[in-house]
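Engineer: Quick one: this structure, given as structure tokens, is what I'll be asking you about.
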Amino acid sequence: MDHRFVLGTRLRHLLDQLDADLAHVYTDLGLPDFRPRYTPIVQLVHAHGPRSIRWLADTIGITHSAVSQTVNQMRRDGLVDLTPGEDARQRLVHLTDRARTLKPTLDAEWHATNAAALQLDAELPHPLSAAVDAALRALADKPLRERIREHLDDPAAAGPAGNGPEPLT
């Protein structure tokens with residue numbers, strides 16, 4: 001099979017590699033249980049004060065469910081507390097003293113990680129950050145589901161024979 005066509009698998013592999021490297025950095029910094037997905041939440045709550053899970057999800061650009069799961073894990077790890085918001089459905093995320101104590105280390109990692117990402121972008125023929133931004137814009141205009149549906153509805157839209165991926169066997 002030609003693996004150039006397994007985009008989702010290759011993107012997951014790239015994300016797994018990036019997350020694993022970040023996890024090693026946290027371990028090197030003496031934070032072996034700190035997860036890379038915690039950092040944006042710590043940074044945002046520190047900068048803006050207690051915020052709802054919905055606000056965090058919208059600001060980070062990931063699902064409410066993903067932020068809720070992350071915040072619950074952070075609570076178990078002693079990094080955040082949750083309090084009721086203005087209505088019964090809303091929960092506000094607060095940093096604990098432990099999270100605030102880690103902030104200088106997390107800031108150093110945050111800046112170093114951004115510098116490393118810029119360095120990686122400079123080494124690529126096309127900056128990865130620009131490609132990701134362009135892909136997100138294109139998918140906002142026309143989701144992958146619609147694109148796939150077009151090809152399911154009209155197999156000729158997939159292009160000339162031989163240009164598509166090999167069938168899975």
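The values are calculated or read from the model by the stated rules, or taken from the named source; none is laboratory data. Note that the structure is predicted; figures quoted are calculated from it, not measured. All Cβ positions, even for glycine, are placed from backbone atoms using ideal geometry, and neighbour counts span all protein chains on display. Heavy atoms of the whole protein, side chains included, go into the accessibility calculation; ligands, DNA and RNA do not. Shrake-Rupley method; radii C 1.70, N 1.55, O 1.52, S 1.80 Å.
Engineer: Rounded to the nearest 0.05, what FRET efficiency do Ile60 and Asp153 have when you use their Cβ-Cβ distance and R0 = 30 Å? List each step's numbers first, then the result.
Structural biologist: Working: r = 34 Å, r/R0 = 1.15.
Rounded to the nearest 0.05, the efficiency is 0.30.
Engineer: Work out from phi, with θ = phi - 60° and the Karplus expression 6.51 cos²θ - 1.76 cosθ + 1.60, the ³J(HN,Hα) of each residue of segment 114-128, listed in order in whole Hz, and give x for Gly and Pro.
Structural biologist: Result, ordered by residue: 5, 5, 5, 5, 5, 5, 4, 3, 5, 7, 8, x, 9, x, 4 Hz.
Engineer: Go through Asp153, Asp81, Asp107 and list them by solvent-accessible area, largest first, probe radius 1.4 Å.
Structural biologist: Numbers: Asp153 105, Asp81 80, Asp107 45 Å².
The ordering from most to least exposed comes out as Asp153, Asp81, Asp107.
Engineer: Right, another one. Would you list Leu44, Leu152 from the most to the least accessible area, probe 1.4 Å?
Structural biologist: Numbers: Leu44 30, Leu152 115 Å².
Descending accessible area places them as Leu152, Leu44.
Engineer: Quick one: which residues, 5 or more positions from Gln90 or on another chain, have an amide H under 5 Å from its amide H? H modelled 1.01 Å from N in the peptide plane, none for Pro or chain starts.
Structural biologist: Under 5 Å from the amide H of Gln90: Gly85.
Engineer: Can you give me the accessible area per residue for segment 1-76, using a 1.4 Å probe, in Å²? Provide the component values of the computation, followed by the final result.
Structural biologist: Details: 4850 Å² over 76 residues.
Spelled out: the 1.4 Å probe surface of segment 1-76, per residue, equals 64 Å².
Engineer: If you count only protein heavy atoms and use a 1.4 Å probe, how large is the accessible surface of Lys142, to the nearest 10 Å²?
Structural biologist: For Lys142, solvent-accessible area is about 60 Å².
Engineer: Rounded to the nearest 10 Å², what accessible area does Arg54 have for a 1.4 Å probe in the complete protein model?
Structural biologist: 120
Engineer: Which one, [x] 1, 8, 15, 17, 16, 13, 7, 6, 6, 5, 4, 2, 0, 0; [y] 1, 7, 10, 12, 13, 13, 12, 11, 9, 6, 3, 2, 1, 1, 0; [z] 1, 7, 12, 16, 16, 13, 12, 9, 6, 5, 3, 1, 0, gives P(r) over Cα pairs in 5 Å bins from 0, in percent as derived from the coordinates shown?
Structural biologist: [z]
Engineer: Over the chain, what is the relative contact order in percent, taking alpha-carbon pairs closer than 8 angstrom and at least six residues apart? Before the final figure, lay out each step's value.
Structural biologist: On the way: 110 pairs, mean separation 30.9, N = 169.
Reported relative contact order: 18 percent.
Engineer: I want to check the label-to-label distance for Thr27 and Val6. Put each point 7 Å from Cα in the C-beta direction and report it in nm to one decimal.
Structural biologist: 2.6
Engineer: With all protein chains present and a 1.4 Å probe, how do Leu124, Leu56, Leu144 order by accessible area, largest first?
Structural biologist: Details: Leu124 65, Leu56 0, Leu144 105 Å².
The most accessible residue leads, giving Leu144, Leu124, Leu56.
Engineer: Report Val25's accessible area, 1.4 Å probe, all protein chains in place, as a number in Å² to the nearest 10.
Structural biologist: Accessible surface of Val25 is approximately 60 Å².
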